[in-house]
Every structure is written in structure tokens, then in C-alpha cells.
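The values are calculated or read from the model by the stated rules, or taken from the named source; none is laboratory data. Worth saying up front: this structure is predicted, and the values here are computed from it rather than measured. Cβ atoms come from the backbone with ideal geometry, glycine included; neighbour counts cover every protein chain shown. SASA here: full protein model, heavy atoms, side chains in, ligands and nucleic acids out. Shrake-Rupley method; radii C 1.70, N 1.55, O 1.52, S 1.80 Å.
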Amino acid sequence: MKVLEFVLNAIWLIFCGIWMAIAYAVAGIICFILIVTIPFGIAAFRIAGFVIWPFGRTTVERADAGAPSCVGNVIWLVFAGWWLALAHVATSIPLFLSIIGIPFGWANLKMIPISLMPLGREVVSTDERFGR
């Protein structure tokens, strides 16, 4: 299974992973420059790492996430989340136009919820997800 994950991640990286990771990194850099939004920058870099190599990993809600994460997600949604979600849609369209790209297009669309609401979530291996 690890070989299949590697192959899927390599194809993903070439066709859309690098572009989406760059988009999240730019959002993270902007958040770090503005100083007050450093927690959003940390979340953006965490998601960039997930978006660049997603197969074999998933996101889960953190048990300790509360109202501050909810408020932060609303702020993120207004200022950066919808732009990144739109980028996921834009990168999924060319993938859907080719037969081999259809699964990658779906994977790209599945990342929209985390691009909209990243706070209060953590990236885990797919093996860990069921043990929590």
C-alpha cells in the first residue's frame, strides 16, 4: 500500500500539489508578515504540508478545539479560505478533463473543507485515524 501511496503522491505533486502548496505558503507568509495573524500562518503551513503529499494522510478534528478555533475559522474564511477553496476548484477542472486525472480532481475537491476551516484540525496518518 505504501508504494501505491507514493505513486499517487508523486502524480499529485506534479499536477496540482506543488501549485496548491505554493498558494498555502503564500497565504502563510502574508499571515506571518501581519504578525497578529501568525496562528493562521501556522495553520496555512500545516495545510501546505498536507496538500503537497496528501495520500496516506487525512485530517481529524482536535478534541481541544473550541470557540476560539470557530471564531478563527470565520476570520480565515473571509480573508483567505475562499480564495484557497476557489484555487482547489480551479485546479480540479483540468484534472477532470482527463481520464487519469478524475480521481485527483475528486481528491482536490475533498480538500475544500479544510481550506475553508483549517483551525481545530490536525493532519494524521490514515492508520492513526481509526485508533483515536
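Residues are listed down the side, and each one gets a yes or a no for (1) closer than 21 Å to residue 16 by Cα; (2) free of Cβ contacts under 8 Å to residues at least 12 places away in the same chain:
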{"site": "34", "(1), (2)": "no, yes"}
{"site": "40", "(1), (2)": "no, no"}
{"site": "45", "(1), (2)": "yes, no"}
{"site": "59", "(1), (2)": "yes, no"}
{"site": "64", "(1), (2)": "no, yes"}
{"site": "67", "(1), (2)": "no, yes"}
{"site": "86", "(1), (2)": "yes, yes"}
{"site": "104", "(1), (2)": "yes, no"}
{"site": "121", "(1), (2)": "no, no"}
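Quick check on residue 98: is it within 13 Å of the chain's Cα centre (by Cα) and not hydrophobic (A, V, I, L, M, F, W, C)?
Criteria not met by residue 98.
From the list 52, 38, which residue is among the β-branched types (Val, Ile, Thr) and over 16 Å from the mean Cα position of the chain (by Cα)?
After applying the criteria, what remains is 38.
Among the residues of the stretch 38-59, which ones are touching a Leu at 6+ places or on another chain (Cβ under 7 Å) and over 15 Å from residue 124 (Cβ atoms)?
Matches in the stretch 38-59: 43, 52.
Please list, ordered by residue number, the helices (runs of 4 or more DSSP H) wholly in the stretch 1-120 having 2 or more residues that are open to solvent by 60 Å² or more (accessible area, probe 1.4 Å) and β-branched (Val, Ile, Thr).
Here the list reads 2-12, 18-33, 67-76.
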